[in-house]
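Engineer: Before we start, here is the structure in question, set down as structure tokens.
The values are calculated or read from the model by the stated rules, or taken from the named source; none is laboratory data. Since the model is a prediction, treat every value here as computed from it, not as a measurement. Cβ coordinates were reconstructed from backbone atoms using ideal geometry, including for glycine residues, and neighbour counts include every protein chain displayed.
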Ligand code: BGC
């Protein structure tokens, strides 16, 4: 009998664990964060996972499903919160600012205990954030800082300037001309390399931070002529792309190639997002560039599945791996803090001033990945399997 109960407990536990994991994208959705415990109570049995969220509702507003990273973010948040017993209302607004405002209004009306928001336009939610504050609903900013509001309690993100410096450093170390590897070697050989920039959305605070980090590394090489930007478009204003649009990135690259690169080849595409790298790839293919021959160094961000496949195939050079399981895990500690009075994990109380307050933040570490280290970082890290990457 005892054995039978134990067996039932075990299978119930496994079922819950499997359920928690089934929304998982990019590896184990739980990120190892929640422990599943099984209790026996006066002969009756119950299976729970630190049921701190029981009876509580968390609303998660995400920007778009057009990019894989946000699908992973949403799935991981949902799975990790549900594993703690929360009811989760996950919604995507498909990059429509007004749709996101309406979704958040509905989340407030439905009586959410906490709002987690990854904004489309970080400054466009001030009114709805005020409404949440008036209703006593705490807000956590997810990945993108919420601007111009004092209604946000915490911010979970990656080191956004660090993303830019990592991309810049990668270019600095790896850009190769006539066998000279790295911009210092290129410079010492008296050579130069052509570069163009595809930067992020002007209504996303992350985009400017990335640009600043990138330029911290690359500006000296633009100044001394080792890097040449033939379009002349090097400022954030001139290179930012609204809503991180892949189509605009492709168009910009086509315009650069036809307008400035009929005589010389482009050597480097400093792209701030995997979606831009896909756009650049299409433009380069259209212009006759060939991988392994005259294909430029192309950067990206998010290490999406497609980008990682492109890295293996050589049509993208690198990306920035952001473990969305970890980000969700840190964000969940913030939900627990505002809903249950737990201690959140904070590691930055200085950098993220949103114009009204400095938001206590947790910054996860971004990691540059390319064909040499994707196996040890992405595959061994359980984010994608070799099978996923092979198909
Ligand atoms: C995120 C990036 C992402 C970009 C486009 C930014 O806010 O930090 O990881 O590539 O949005 O979705």
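Engineer: Could you check how many residues of the stretch 315-339 are outside any helix (DSSP H, G or I), touching a strand residue (DSSP E or B) at 6+ places or on another chain (Cβ under 7 Å) and more than 15 Å from the ligand (Cβ to nearest atom)?
Structural biologist: So the count comes out to 1.
Engineer: Of the residues that make up the stretch 116-127, is at least one assigned to a strand (DSSP E or B) and within 17 Å of the chain's Cα centre (by Cα)? Break it down into steps so the answer makes sense when it comes.
Structural biologist: First pass over the stretch 116-127, keeping only residues assigned to a strand (DSSP E or B): 116-117.
With the extra rule that they be within 17 Å of the chain's Cα centre (by Cα), the set shrinks to 116-117.
Among the residues of the stretch 116-127, at least one is assigned to a strand (DSSP E or B) and within 17 Å of the chain's Cα centre (by Cα), which makes the answer yes.
Engineer: Take the residues in the stretch 173-186 that are in a helix (DSSP H, G or I) and crowded, with 19+ Cβ neighbours inside 10 Å; name whichever of them is nearest to the ligand (Cβ to nearest atom). Don't jump to the end; show me each part of the working.
Structural biologist: Step one: list which residues in the stretch 173-186 are in a helix (DSSP H, G or I), which gives 173-174, 183-186.
So of that shortlist, the ones also crowded, with 19+ Cβ neighbours inside 10 Å come out as 183, 186.
Working: 183: 25, 186: 28 Å.
Per the criteria, the residue is 183.
Engineer: So which residues in the stretch 71-87 are surrounded by fewer than 20 Cβ atoms within 10 Å (Cβ to Cβ) and not in a loop (DSSP other than H, G, I, E, B), if there are any at all? Please lay out each step first, then the result.
Structural biologist: Here is the first cut: in the stretch 71-87, the ones surrounded by fewer than 20 Cβ atoms within 10 Å (Cβ to Cβ) are 71, 85, 87.
Answer for the stretch 71-87, where residues must be surrounded by fewer than 20 Cβ atoms within 10 Å (Cβ to Cβ) and not in a loop (DSSP other than H, G, I, E, B): 71, 87.
Engineer: Determine whether the stretch 123-133 contains at least one residue that is within 14 Å of the ligand (Cβ to nearest atom), assigned by TED's automatic domain parsing to the domain that holds residue 333 and at pLDDT 95 or above.
Structural biologist: In the first step, residues of the stretch 123-133 are kept if they are within 14 Å of the ligand (Cβ to nearest atom); the result is 123.
After this cut, where a residue has to be assigned by TED's automatic domain parsing to the domain that holds residue 333 as well, the list is 123.
Next, from what is left, pick out any that are at pLDDT 95 or above: 123.
So far as the stretch 123-133 goes, yes, one or more of its residues are within 14 Å of the ligand (Cβ to nearest atom), assigned by TED's automatic domain parsing to the domain that holds residue 333 and at pLDDT 95 or above.
Engineer: Say we look at the stretch 137-167 and pick out the residues that are away from the ligand (no atom under 16 Å from the Cβ) and in contact with a strand residue (DSSP E or B) (Cβ under 7 Å, 6 or more places away or on another chain); which of these is farthest from residue 337 (Cα to Cα)? Even if it seems obvious, please write down each step before you answer.
Structural biologist: Going residue by residue through the stretch 137-167, those that are away from the ligand (no atom under 16 Å from the Cβ) are 137-139, 148-151, 153-154.
This time we only want the ones that are in contact with a strand residue (DSSP E or B) (Cβ under 7 Å, 6 or more places away or on another chain), so: 137-139, 151, 153-154.
Numbers: 137: 13, 138: 10, 139: 11, 151: 15, 153: 10, 154: 9 Å.
Only one residue tops the list, namely 151.
Engineer: Mind listing whichever residues of the stretch 129-157 are part of a strand (DSSP E or B) and surrounded by fewer than 24 Cβ atoms within 10 Å (Cβ to Cβ)?
Structural biologist: Initial filter on the stretch 129-157 (part of a strand (DSSP E or B)): 139-142, 152-157.
Scanning the stretch 129-157 gives a single hit, 153.
Engineer: Hey, can you tell me all the residues within the stretch 273-308 that are over 23 Å from residue 176 (Cβ atoms) and more than 16 Å from the ligand (Cβ to nearest atom)?
Structural biologist: 282, 286
Engineer: Hey, any hits in the stretch 249-264 for a residue that's more than 15 Å from the ligand (Cβ to nearest atom), in a strand (DSSP E or B) and either in contact with a helix residue (DSSP H, G or I) (Cβ under 7 Å, 6 or more places away or on another chain) or outside the structural domain of residue 173 (by TED's automatic domain parsing) (or both)?
Structural biologist: Within the stretch 249-264, the first condition is being more than 15 Å from the ligand (Cβ to nearest atom), and the residues that meet it are 250-264.
Now narrow it down to the ones that are in a strand (DSSP E or B): none.
No, because not a single residue in the stretch 249-264 is more than 15 Å from the ligand (Cβ to nearest atom), in a strand (DSSP E or B) and either in contact with a helix residue (DSSP H, G or I) (Cβ under 7 Å, 6 or more places away or on another chain) or outside the structural domain of residue 173 (by TED's automatic domain parsing) (or both).
Engineer: How many residues does the stretch 340-391 contain that are assigned to a strand (DSSP E or B) and surrounded by 15 or more Cβ atoms within 10 Å (Cβ to Cβ)? Give the steps one after another, and end with the answer.
Structural biologist: The first filter runs over the stretch 340-391 and keeps only residues assigned to a strand (DSSP E or B), leaving 348, 353, 358, 361-364, 367-370.
Still in the list and also surrounded by 15 or more Cβ atoms within 10 Å (Cβ to Cβ): 348, 361-364, 367-370.
Going through the stretch 340-391 one residue at a time, the tally reaches 9.
Engineer: I'd like the full set of residues that are closer than 19 Å to residue 149 by Cβ and in a loop (DSSP other than H, G, I, E, B), limited to the stretch 88-112.
Structural biologist: Correct list: 93, 112.
Engineer: Which residues, taken from the stretch 69-99, are within 14 Å of the ligand (Cβ to nearest atom), more than 19 Å from residue 329 (Cβ to Cβ) and touching a strand residue (DSSP E or B) at 6+ places or on another chain (Cβ under 8 Å)?
Structural biologist: If the condition is that a residue be within 14 Å of the ligand (Cβ to nearest atom), more than 19 Å from residue 329 (Cβ to Cβ) and touching a strand residue (DSSP E or B) at 6+ places or on another chain (Cβ under 8 Å), then 92, 93 are the ones that fit.
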